[in-house]
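Worksheet: one structure, shown below.
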Amino acid sequence: MAYQVLARKYRPQKFADVAGQDHVTRTLVNALEQGRIAHGYIFSGHRGIGKTTIARILAMALNCRTAVGDEKRPTQEPCGVCDSCTEIRAGNSIDVLEIDAATNRGIDEVRELREAARYRPARDKYKIWILDEAHQITDAAFNALLKTLEEPPDHVVFMMATTQPEDIPQTIRSRCQHFSFHAVKYDDILAQLKSIAAQEAIDAEDAALALLAEAGDGSMRDALSIMDQAIASAPVVAGKPHLESEQIRELMGSVPNTVFERLMEQISAGQTAAVVEELNTLLNAGNSPSALARQFVRYLRNALMARVGGENTDLLQISADERARAARSAMLFSEEDLTRFLQVMLRTFDDLNYRQEQRFHLELGLVKLVHLQRLLPIEEILSGSQGTAPGTGLRAPGSGQGSGGLGSGLGARAAGPVTQVPVAGQVRAAAPARPSPFEADRDRKTVGEGGAGSEPAARGLSPAESVARAAVESKASYSSMAAEAKPPVAVGVAEPLGESTEGALALAAAAEGAPDLDRIREAVCGALASAGHETAANLIHQGNWAEQGNAIQVELAVRKTMLALTVNAEAEAICRKTMKAMGATQKIAFVPGENGANGGKAGPGSGAPVVIAGSAQSAAMENPLVKKTKELFNADIRSVLDLRDKN
């Protein structure tokens, strides 16, 4: 027998075998049990999701010669072994006719169908017509079929499968039961691929099957077709085809999403040269500009959905690793930034379809993404906020990056008042900035719910003032722990430091040169403490801080699993925003290690954690059970997680 592709070999033969269409199969099984058989059905939806398959299963169930309740047919599912089921499955039943409506679309063919409908079935209970791609039938042909659909004989059932139900006349749709099929979920496709791989004795990596399921894009048939192609190109190891993710990417002409994650990081840092060089490497490797743009559009869409609904939202039909990657990229930008990025890349992708120099247009699109971060929100321009270059809608130099980010707000406000240099020992008081009518909306966009500075924003402070005030308050909280902290220099501020908003701004942005590690440590820990991350603040303050090129590495005295729980994504976002607000250009990275406490400011040569009065760590250290445990096991408490409900 000739080879049969996987999509045909594993085509479902029962309602229970159809994946992702429970709302359709449940209704049809109930209708069979109650004897409520309609004379016309319309099955519509995405390609390769089971429309024609369910039509065949319904035809088998209607004409199955085995009685319901028999050993071979205990339920309404077709038995699959009688003559009628066998003939329908093979496609040679004389009472079940499957017609390609794209070819037989004229009025003459429909007239022949209408004449044949007058005669009773030759053997089975129903005479059934399955019209595939029914939207291709002409209007005149539909009108000829109208009367037969309105008053059909008792033995006739019409089933129409289509991907474009809106092209079927309303007069036809109103006479049929319309079932709208759903795209098959990623998890359902992945489960089916794993089952088929086991039955076919294929050695497949989980990452490879996940890539195939994602490439299916909601279509089970597409995923099986790509899997067939991958098996044919896979190397044979120990007599079994071996599927690897790299081999499948090469077959599909795609690149790993780690490339796009790296591009997003470079865009966030404003590194235009790095972005263009990365694209040049991809194009020189033979990747198509159109395929790269399509993948990047999909990655931006996933990042936007992760930003809107979180990492575990149902809007992301991708693997767990890709969910985490999309969430990491989403943390670098605001929702507005990602929306602009997606809009620009969609327009770039459209341009590539009819432009000759595709490479130039793709390069231009990526460079636009870097420049988009210089744009100011329209409400900030209308309110006359400082930090905008005269006559333009661009950020003033040094005002930070990221539209709607914390750094942009601080840079825009600090650029005006704190650069007043005193002349001949005199200090000129900075004029207060004019209050903005859009302050609340900007706070919502830049900080978000539960983020750093949310509590001061509720008191009427801007995000920049919130971060700066957190830095000032952290000085008081951590003054006993900092042995080498340098005193801040306030340039052009007449009021005492810490007693006014202008003083806070001077502390955050007016130091000479780039902020040093001690100042960054104090500001970051203060912002974390003010946002409720006391444990992370304690742990980070005790860590080994070291500069490595354009990055700051903080080695913490915890294991990798504990590090992910203590310094979570929200805490990392607060650290990055605080550093950007201070004008620091370095990136910050937290790594696990056993020596992190030795380099902290807890005390000379001491690795003991610093306990702040009133904190969760303080309450834990005073607990009698904790004290008894420390005595019994000679233990030391390194970090404490606060799981109390703060509401």
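The values are calculated or read from the model by the stated rules, or taken from the named source; none is laboratory data. Quick caveat, the model's predicted, so the values are computed rather than measured. Reconstructed Cβ throughout: ideal geometry from the backbone, glycine too, with neighbour counts over all protein chains shown.
Listing for the model above:
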item: Pick from region 194-231, criterion part of a helix (DSSP H, G or I), under 19 Å from ILE54 (Cβ atoms) and of a type in the set (Gly, Ala, Ser), ranking: modelled with the highest pLDDT; result: ALA223
item: Test for THR86: is it among the polar types (S, T, N, Q) and in contact with a strand residue (DSSP E or B) (Cβ under 8 Å, 6 or more places away or on another chain); result: no
item: Any hit, region 255-273, residues being outside any helix (DSSP H, G or I), more than 24 Å from ALA569 (Cβ to Cβ) and modelled with pLDDT under 90; result: yes
item: Breaking point among (1) touching a strand residue (DSSP E or B) at 6+ places or on another chain (Cβ under 9 Å); (2) farther than 28 Å from PHE181 by Cβ; (3) without any contact (Cβ under 8 Å) to a residue 24 or more places away in the chain, for LYS72; result: (1)
item: Subset of region 104-123 (residues that are hydrophobic (A, V, I, L, M, F, W, C) and either within 24 Å of ALA61 (Cα to Cα) or not assigned by TED's automatic domain parsing to the domain that holds VAL157 (or both)); result: LEU113, ALA116, ALA117, ALA122
item: One residue from ALA7, ALA19, ALA90, ALA67 being closer than 25 Å to GLN177 by Cα and among the aliphatic types (A, V, I, L, M); result: ALA19
item: Selection status of TYR126, in contact with a helix residue (DSSP H, G or I) (Cβ under 6 Å, 6 or more places away or on another chain), within 30 Å of PRO169 (Cβ to Cβ) and either hydroxyl-bearing (Ser, Thr, Tyr) or in the same structural domain as HIS39 (by TED's automatic domain parsing) (or both); result: yes
item: Tally, over region 354-368, of residues that are within 11 Å of PRO289 (Cβ to Cβ) and not in a helix (DSSP H, G or I); result: 2
item: Residue within region 32-55 that is surrounded by 13 or more Cβ atoms within 10 Å (Cβ to Cβ), over 18 Å from MET159 (Cα atoms) and in the same structural domain as SER174 (by TED's automatic domain parsing) present; result: no
item: From the options ARG262, ARG173, residue that is assigned by TED's automatic domain parsing to the domain that holds SER319 and either surrounded by fewer than 15 Cβ atoms within 10 Å (Cβ to Cβ) or of a type in the set (Lys, Arg) (or both); result: ARG262
item: Among (1) surrounded by fewer than 18 Cβ atoms within 10 Å (Cβ to Cβ); (2) touching a residue at least 24 places away in the same chain (Cβ under 8 Å); (3) not assigned by TED's automatic domain parsing to the domain that holds LEU304 - the single one ILE378 does not satisfy; result: (2)
item: Condition met for PHE360 (buried (at least 20 other Cβ atoms within 10 Å of the Cβ) and not aliphatic (A, V, I, L, M)); result: no
item: Single unsatisfied condition, ARG26 versus (1) loosely packed, with under 13 Cβ neighbours inside 10 Å; (2) over 27 Å from ALA213 (Cα atoms); (3) within 42 Å of the chain's Cα centre (by Cα); result: (2)
item: Among (1) touching a residue at least 40 places away in the same chain (Cβ under 8 Å); (2) assigned to a helix (DSSP H, G or I); (3) in contact with a strand residue (DSSP E or B) (Cβ under 9 Å, 6 or more places away or on another chain) - the single one PHE179 does not satisfy; result: (2)
item: Among residues of region 266-295, those that are hydrophobic (A, V, I, L, M, F, W, C) and touching a residue at least 60 places away in the same chain (Cβ under 8 Å), counted; result: 8
item: Residue count for region 8-18, restricted to those that are surrounded by fewer than 19 Cβ atoms within 10 Å (Cβ to Cβ) and touching a residue at least 40 places away in the same chain (Cβ under 8 Å); result: 5
item: Search result, residues across region 290-327 that are in contact with a Phe, Trp or Tyr (Cβ under 7 Å, 6 or more places away or on another chain) and assigned to a loop (DSSP other than H, G, I, E, B); result: GLN317, ILE318
item: Region 208-255, residues that are within 20 Å of ARG325 (Cα to Cα) and surrounded by fewer than 15 Cβ atoms within 10 Å (Cβ to Cβ); result: GLU246
item: Segments classed as helices (runs of 4 or more DSSP H), wholly inside region 28-145, with at least 3 members that are touching a Pro at 6+ places or on another chain (Cβ under 6 Å); result: 51-63
item: Exclusive hit being hydroxyl-bearing (Ser, Thr, Tyr) and modelled with pLDDT under 90, set THR103, THR52; result: THR103
item: Residue check for ALA191: aliphatic (A, V, I, L, M), loosely packed, with under 15 Cβ neighbours inside 10 Å, outside the structural domain of GLN317 (by TED's automatic domain parsing) and at pLDDT 90 or above; result: yes
item: Residue within region 75-96 that is free of Cβ contacts under 8 Å to residues at least 12 places away in the same chain and within 22 Å of ALA31 (Cα to Cα) present; result: no
item: Any hit, region 13-22, residues being assigned by TED's automatic domain parsing to the domain that holds CYS79 and in contact with a Phe, Trp or Tyr (Cβ under 8 Å, 6 or more places away or on another chain); result: yes
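Conditions (1) in contact with a Gly (Cβ under 7 Å, 6 or more places away or on another chain); (2) not basic (Lys, Arg), marked per residue:
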{"position": "ASN280", "(1), (2)": "no, yes"}
{"position": "GLN295", "(1), (2)": "no, yes"}
{"position": "ARG301", "(1), (2)": "no, no"}
{"position": "GLU311", "(1), (2)": "no, yes"}
{"position": "ILE318", "(1), (2)": "no, yes"}
{"position": "GLU322", "(1), (2)": "no, yes"}
{"position": "ARG325", "(1), (2)": "no, no"}
{"position": "SER329", "(1), (2)": "no, yes"}
{"position": "SER334", "(1), (2)": "yes, yes"}
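Matching residues to (1) among the charged types (D, E, K, R); (2) touching a residue at least 40 places away in the same chain (Cβ under 8 Å):
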{"residue": "ALA303", "(1), (2)": "no, no"}
{"residue": "GLY309", "(1), (2)": "no, no"}
{"residue": "LEU315", "(1), (2)": "no, no"}
{"residue": "ILE318", "(1), (2)": "no, yes"}
{"residue": "ARG325", "(1), (2)": "yes, yes"}
{"residue": "LEU332", "(1), (2)": "no, yes"}
{"residue": "GLU335", "(1), (2)": "yes, yes"}
{"residue": "LEU338", "(1), (2)": "no, no"}
{"residue": "ARG347", "(1), (2)": "yes, no"}
